[in-house]
Amino acid sequence: MITYRKYLEFKFEEKITVKNITNHVEMILQESNIKNGIIIISPQHTTTAVFINDDEEGLLQDILELLEKIVSTEDESSYKHNRYEEDATAHLKRILLGRSEIVSVTDGKLDLGKWEDVFYVDFWGMRNKKLCIKIIGE
């Protein structure tokens, strides 16, 4: 068994950004020469997340709007964490989506469904953030 690790760095000017990173993950998988195993996609910051879904018209906006309904930014003063920093909603939205994704790898390809893509979301942009891609297999 072997492992391969690579980091991606992102900095978005917008406060909230969703980026389809499927091509980035596939390129790193090809670099690794690992044909069978698993790939773990993990953001390295508490206001970012990774999720798998469809890259269909309007869906990403629907996801962001749903998260906003659950964790509203309308009354920022109601969040205790905002007494120290202003990013409480970003932390809470990350909890709802989860931190990482694990995808199996077969014959050098990601085992994603026909309509599945890998997305990175930054809920508190404007500074550098890292994403770790770790591949374990043979």
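The condition (being of a type in the set (S, T, N, Q), more than 20 Å from I135 (Cβ to Cβ) and not in a loop (DSSP other than H, G, I, E, B)) is satisfied by just one residue among S42, S77, S72, S104: S77.
For region 100-109, residues that are charged (D, E, K, R) and open to solvent by 50 Å² or more (accessible area, probe 1.4 Å) total 2.
Cβ-Cβ contacts under 7 Å between residues 6 or more apart (or on different chains), taken from a first residue in region 85-99 that is closer than 19 Å to V118 by Cα and open to solvent by less than 20 Å² (accessible area, probe 1.4 Å) to a second residue that is at pLDDT 90 or above and assigned to a loop (DSSP other than H, G, I, E, B), are listed as K93/V71; K93/F123.
For region 61-82, filtering for residues that are farther than 26 Å from E9 by Cα, aliphatic (A, V, I, L, M) and open to solvent by less than 70 Å² (accessible area, probe 1.4 Å) leaves 1.
Kindly evaluate G58 against the criterion of being open to solvent by less than 80 Å² (accessible area, probe 1.4 Å), without any contact (Cβ under 8 Å) to a residue 40 or more places away in the chain, of a type outside the set (S, T, Y) and at positive phi. It is true that G58 is open to solvent by less than 80 Å² (accessible area, probe 1.4 Å), without any contact (Cβ under 8 Å) to a residue 40 or more places away in the chain, of a type outside the set (S, T, Y) and at positive phi. With respect to E9, is the statement that it is within 14 Å of I133 (Cβ to Cβ), at pLDDT 95 or above and open to solvent by 60 Å² or more (accessible area, probe 1.4 Å) true? So E9 passes the test.
The values are calculated or read from the model by the stated rules, or taken from the named source; none is laboratory data. Everything quoted here is computed from the prediction, not taken from an experiment. Counting neighbours? That spans all protein chains shown, and the Cβs are built from the backbone with ideal geometry, glycine included. Side chains included, ligands, DNA and RNA excluded: accessible areas come from the protein's heavy atoms. Shrake-Rupley method; radii C 1.70, N 1.55, O 1.52, S 1.80 Å.
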